[in-house]
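S.K.: Let me give you the structure first, and then I'll get to my questions.
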Amino acid sequence: MKPNRLSLMTEIDPLLEGLNPQQSEAVTHAGGPLLVVAGAGSGKTRVLTRRIAYLMSRRQVAPYQILAITFTNKAAGEMKERVADLVGPIAKSMWVSTFHSACVRILRQEATRLGYSNSFSIYDSADSQRLITIVAKELNLDPKRYPARQFQSMISNAKNELLGPQDYLNAASNQFEQVVADVYAVYQQRLIRANAMDFDDLILKTVEVLQRYPEAKARFRSRFRHVLVDEYQDTNHAQYILVKELVGSELEGQSPAELCVVGDADQSIYGFRGATIRNILQFELDYPNARTVLLEQNYRSTQNILNAANAVITKNESRKEKNLWSDAGSGSLLTGYVAESEHDEANFIADEIRSLQREGVSTPGDTAIFYRTNAQSRVFEEVFMRNALPYKVVGGLRFYERREVKDLLAYLRVLANLEDEISLRRIINVPKRGIGDTSLDYVDEFARNNNISFWQGLLRVSENSSVPSRAAQAINEFTSMVSALAVLVEAKTKPSVIVEAALEQSGLLKELADSTDPQDEVRVENLKELVAVSMEYEERPFEDLGEDEEISLAGFLEKVSLVADADEIPEGEDHGGVVTMMTLHTAKGLEFPTVFLTGMEDGIFPHSRTLGEKDEIEEERRLAYVGLTRARQRLYISRAEYRSTWGAPNYNPPSRFLDEIPEDVIEWRNQGRSSSPSLVTRTRTATTPPPRATGKKSVAMELAVGERVSHDTFGLGTVVAVAGAGDKAEATINFGQYGEKRLLLRYAPVEKL
């Protein structure tokens, strides 16, 4: 038989080596839009990286013309690394990033068009909720009747649909939605006043720039001639429109960018975050000349596991038909277990992990336990602690969510953007300075009445007769300290030096170091770790920097702001012998040799709130499909006959998904064993890595009025005033064209002339 052209190409071209025919087609496709329907474990990352490498080395596409979008920073980093391995360091100038990171890069250039400065702050979910709480209080809304979290969710949904406050008000269908519209309008005004954007704004404002400013759109369109989007099934409406705006169409008189999207509708599980499955299901309607390539060969799991997953997902309607297959053989049968209670279920799993370890079949580090909700981890933790089985719960309180870390980051965010009201409110009385909420309300009222920012209101506190004199003095000392630290940012001081200066000058470190609470010792370690993080940021090799990126405090804060939850998930195999526990939503994108899929009961999984809703049940079924396809060799499925709810046994029927698994691929062990485990305190040893030494800081030099000095950034200057002593020593220096600057001498790169 004569070999076809594709097989000859595969023999000839190293970039197509090891690819199956469908993967090769996806890599080499040129011209119109391309949809790659990539089943679980079908090698989509390999296809994406090879396609990018192929564009550069075979189709002579310049790397800066490529925009590749992923959903986590970790995925972006891995993709860039793999492309660099294939084509070398030229890969550095292509954009490979998350949606949010790409939008931040665009907005740092374009935000001034929308009334922001380029140093805008990025508010995370907690910051956003805090600001909404302030707004609701300002509007005299009862927090019990109108919880801030609910407002936040509805405003986020509105932004994901690209609805501004006025659009939302126009669409309001009841009194509650009108209240939300009022909160949304004031919240957005406060964000602009604070020179801040929340995460949803990053997408919405980028779309606004592209739609309102044709010259900006033309610039980015002429630059990005190839747009690739991973996990396309997880995009929401705003992200979908962003992609359309960047790609363009023939109708607009300019040749569109070449679009390639990769995804799998069967793994669309983020409806609660606003992800719209229609984006991938109707791709061919949106782009009528699109080519679709189906990747069905699975390189991860055995055929028995795939048969179970295929059988379950087939029950969903309106999906693109595909059937995963593997040439790895049938493998072991799935193991099913009916436990008497949730404690029995956890004991069975602990015993099985130990048994597999004794037999040399699978280690704890090869193993993952999945559950539908976070609360289900509690009983596994109790049983595992009692059995001395090491484990890690993914999704606990992460490093950047710890109070002391957020406090220090808030100081840094204020130094980068003095208008950042939420960060200012967080730190103004941390450590305690005698500045209470009532005084801050007076400052806020003064600022609103005078149409100035909160920071300006603090600077003008002496004009505000409502603020008690003691609080006013404390506010003046605070603004004085912040202003002096802000000069370090203006002088382009290294982020690690600014972090250490903020720690020291604020009193944060001293308060914790002087404490006798053992928990505060851990908090000091966490703060030291943040100094180490800032040093690692500075020490990145030059080739790891983006083309328009420079080392700065704003750059460091941006990196920290955009760290996604999923970036802290361990890789599939090497966890140092620790069992990994996580929710099914967190498990997406991961794989493990041994998987325990637990709590398979109607009301638990599928979740009780989805019962009776067809679309919701279909999303739950996709979640089951994701869970099943994480397993490589061994898959266990378990349910409990009853679970304790408010101290009483609650009996749930078996999950409907169990009935959908073919009988010939699963072997049931039905001997339920009762157990009455004692309660074990839920504690785990902290695993914070040891801090790096931060080195000795220089001793402050002594200056006198009239002396001439030279500064690395501001040049020649004359000392006009000195104040403070030791660590707090500072000098006001006139630098001519730069004006007068108050410098903290311990950190200022100043030389006497």
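S.K.: Evaluate the range 431-443: report whether one residue or more is touching a Gly at 6+ places or on another chain (Cβ under 6 Å) and buried (at least 18 other Cβ atoms within 10 Å of the Cβ).
M.R.: yes
S.K.: Is it the case, given these coordinates, that Arg639 is modelled with pLDDT of 95 or more, in contact with a Pro (Cβ under 8 Å, 6 or more places away or on another chain) and open to solvent by 20 Å² or more (accessible area, probe 1.4 Å)?
M.R.: yes
S.K.: Is there a residue being of a type outside the set (Gly, Ala, Ser), in contact with a helix residue (DSSP H, G or I) (Cβ under 6 Å, 6 or more places away or on another chain) and in contact (Cβ under 8 Å) with a residue 24 or more places away in the chain anywhere in the range 302-310?
M.R.: yes
S.K.: To continue, here is another question. Going by the conditions given, is Ile617 out of contact with any Gly (no Cβ under 9 Å at 6 or more places or on another chain) and at pLDDT 90 or above?
M.R.: yes
S.K.: Next question, about the same structure. Return the pair list, or none, for Cβ contacts closer than 7 Å from residues in the range 161-190 that are among the β-branched types (Val, Ile, Thr) to residues that are open to solvent by 50 Å² or more (accessible area, probe 1.4 Å), at least 6 apart or on different chains.
M.R.: Val183/Leu139; Val186/Glu138; Val186/Leu139
Here is a yes/no grid of residues against (1) out of contact with any Leu (no Cβ under 6 Å at 6 or more places or on another chain); (2) more than 30 Å from Gln633 (Cα to Cα); (3) open to solvent by less than 50 Å² (accessible area, probe 1.4 Å):
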{"position": "Ala75", "(1), (2), (3)": "yes, no, yes"}
{"position": "Asp85", "(1), (2), (3)": "yes, no, no"}
{"position": "Ala102", "(1), (2), (3)": "yes, yes, yes"}
{"position": "Ile106", "(1), (2), (3)": "yes, yes, yes"}
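S.K.: Further, regarding this structure: I need the full set of residues from the range 252-273 which are among the charged types (D, E, K, R) and either open to solvent by less than 10 Å² (accessible area, probe 1.4 Å) or touching a strand residue (DSSP E or B) at 6+ places or on another chain (Cβ under 9 Å) (or both), in order please.
M.R.: Glu258, Asp264, Asp266
S.K.: I've got another one for you. Could you pull out every one of the strands (runs of 3 or more DSSP E) wholly within the range 301-406 that has 2 or more residues that are open to solvent by 10 Å² or more (accessible area, probe 1.4 Å) and at pLDDT 95 or above?
M.R.: 334-339
S.K.: Every residue in the range 416-430 that is free of Cβ contacts under 8 Å to residues at least 40 places away in the same chain and surrounded by 23 or more Cβ atoms within 10 Å (Cβ to Cβ), please.
M.R.: Leu424
S.K.: Under the condition of being open to solvent by less than 20 Å² (accessible area, probe 1.4 Å) and assigned to a loop (DSSP other than H, G, I, E, B), which residue from the range 563-585 is modelled with the lowest pLDDT?
M.R.: Ranking the candidates gives Gly572 first.
S.K.: Within the bounds of the range 120-137, is there any residue that is closer than 20 Å to Arg413 by Cβ, open to solvent by 50 Å² or more (accessible area, probe 1.4 Å) and among the small types (Gly, Ala, Ser)?
M.R.: yes
S.K.: Restrict the check to the range 512-520 and report whether at least one residue is under 19 Å from Val750 (Cβ atoms), in contact (Cβ under 8 Å) with a residue 40 or more places away in the chain and part of a helix (DSSP H, G or I).
M.R.: no
S.K.: Could you please find all residues in the range 18-34 being open to solvent by 10 Å² or more (accessible area, probe 1.4 Å) and either touching a residue at least 60 places away in the same chain (Cβ under 8 Å) or in contact with a Lys or Arg (Cβ under 6 Å, 6 or more places away or on another chain) (or both)?
M.R.: Asn20, Gln22, Glu25, His29, Ala30, Gly31, Gly32, Pro33
S.K.: Can you name the residue in the range 591-613 that is of a type in the set (A, V, I, L, M, F, W, C) and surrounded by fewer than 24 Cβ atoms within 10 Å (Cβ to Cβ) and is also farthest from Arg354 (Cα to Cα) among such residues?
M.R.: Leu611
S.K.: Take the residues in the range 204-229 that are open to solvent by less than 10 Å² (accessible area, probe 1.4 Å), touching a residue at least 40 places away in the same chain (Cβ under 8 Å) and not β-branched (Val, Ile, Thr); name whichever of them is farthest from Lys588 (Cα to Cα).
M.R.: Result: Ala216.
S.K.: Does Val183 fit the bill of being buried (at least 17 other Cβ atoms within 10 Å of the Cβ), more than 26 Å from Leu418 (Cβ to Cβ) and hydrophobic (A, V, I, L, M, F, W, C)?
M.R.: So Val183 fails the test.
S.K.: Scan the range 614-635 for residues that are touching a helix residue (DSSP H, G or I) at 6+ places or on another chain (Cβ under 9 Å) and either closer than 14 Å to Thr302 by Cα or open to solvent by 40 Å² or more (accessible area, probe 1.4 Å) (or both) and report the count.
M.R.: Matching residues across the range 614-635 total 10.
S.K.: Please tell me if Arg58 is touching a helix residue (DSSP H, G or I) at 6+ places or on another chain (Cβ under 8 Å) and more than 24 Å from Ser255 (Cα to Cα).
M.R.: no
S.K.: If you go through the range 274-300 one residue at a time, how many are under 30 Å from the mean Cα position of the chain (by Cα), polar (S, T, N, Q) and open to solvent by 40 Å² or more (accessible area, probe 1.4 Å)?
M.R.: Within the range 274-300, residues that are under 30 Å from the mean Cα position of the chain (by Cα), polar (S, T, N, Q) and open to solvent by 40 Å² or more (accessible area, probe 1.4 Å) number 1.
S.K.: Could you say which residue among Ser534, Ser506 is small (Gly, Ala, Ser), closer than 28 Å to Trp95 by Cβ and open to solvent by less than 60 Å² (accessible area, probe 1.4 Å)?
M.R.: Just one listed residue meets the conditions, Ser534.
S.K.: Which pairs do you get when a residue that is in contact (Cβ under 8 Å) with a residue 40 or more places away in the chain, found in the range 443-472, comes within reach of a residue that is surrounded by fewer than 21 Cβ atoms within 10 Å (Cβ to Cβ) and of a type in the set (Lys, Arg), reach meaning Cβ atoms under 7 angstrom, with the pair 6+ apart or on two chains?
M.R.: Once the first residue is in contact (Cβ under 8 Å) with a residue 40 or more places away in the chain and sits in the range 443-472, its partners that are surrounded by fewer than 21 Cβ atoms within 10 Å (Cβ to Cβ) and of a type in the set (Lys, Arg) give Ser453/Arg193.
S.K.: Taking the stated definitions as given, is Ala729 among the small types (Gly, Ala, Ser) and loosely packed, with under 13 Cβ neighbours inside 10 Å?
M.R.: no
S.K.: Taking into account only those residues within the range 230-251 that are modelled with pLDDT under 95 and among the small types (Gly, Ala, Ser), which is least open to solvent (accessible area, probe 1.4 Å)?
M.R.: Gly248
S.K.: When you look at Ala700, is it of a type in the set (Gly, Ala, Ser), in a loop (DSSP other than H, G, I, E, B) and in contact with a helix residue (DSSP H, G or I) (Cβ under 9 Å, 6 or more places away or on another chain), yes or no?
M.R.: Taking the combined requirement at face value, the residue satisfies it.
S.K.: Follow-up question, since we're still on this one. Which of (1) at pLDDT 95 or above; (2) under 24 Å from Phe220 (Cα atoms) is the odd one out, the single condition Ser117 does not satisfy?
M.R.: In the conditions (1) at pLDDT 95 or above; (2) under 24 Å from Phe220 (Cα atoms), Ser117 misses (1) alone.
S.K.: Any idea which residue in the range 444-487 is farthest from Ala731 (Cα to Cα), counting only those that are open to solvent by 80 Å² or more (accessible area, probe 1.4 Å) and small (Gly, Ala, Ser)?
M.R.: Result: Ser465.
S.K.: For Ser117, all conditions in the list (1) assigned to a loop (DSSP other than H, G, I, E, B); (2) of a type outside the set (Asp, Glu); (3) without any contact (Cβ under 8 Å) to a residue 12 or more places away in the chain hold save one; what is the number of the exception?
M.R.: Here Ser117 meets the rest and fails (3).
The values are calculated or read from the model by the stated rules, or taken from the named source; none is laboratory data. Since the model is a prediction, treat every value here as computed from it, not as a measurement. All Cβ positions, glycine included, derive from the backbone under ideal geometry; neighbour counts span all protein chains shown. Calculation scope for accessible area: heavy atoms of the full protein, side chains included, ligands and nucleic acids excluded. Shrake-Rupley method; radii C 1.70, N 1.55, O 1.52, S 1.80 Å.
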